[in-house]
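K.L.:
The structure that follows is given in the form of structure tokens.
Read the figures in this text as sums done on the coordinates, not as results from a lab. All values reported here derive from a predicted model rather than from experimental measurement. Reconstructed Cβ throughout: ideal geometry from the backbone, glycine too, with neighbour counts over all protein chains shown.
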């Protein structure tokens with residue numbers, strides 16, 4: 001049990017590549033700035049109606 005935990009711990013340090021925080025932020029910014037209309041429409045559909053009850057309620 002301890003051997004497996006130790007191996008997982010060490011594997012975390014020897015992982016071949018882990019992007020820096022700056023790289024991750026730049027990638028996310030790029031994705032947000034290059035959304036197409038379908039992606040925006042889908043996002044809006046998924047968030048509506050947030051918590052408001054229907055108007056005829």
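K.L.:
Go ahead and run the numbers for FRET between residue 17 and residue 45, Cβ-Cβ distance against an R0 of 30 Å, rounding to 0.05.
P.N.:
About 0.25, to the nearest 0.05.
K.L.:
Could you work out how much longer the chain between residue 38 and residue 55 gets when fully extended? Use 0.36 nm per residue separation minus the Cα distance between them, nm to one decimal.
P.N.:
That pair, residue 38 and residue 55, stretches by 3.4 nm at full extension.
K.L.:
Taking 0.36 nm per residue of sequence separation and subtracting the Cα-Cα distance, how much length would be gained by fully extending the chain between residue 6 and residue 24, in nm to one decimal?
P.N.:
Gain on stretching residue 6 to residue 24: 3.7 nm.
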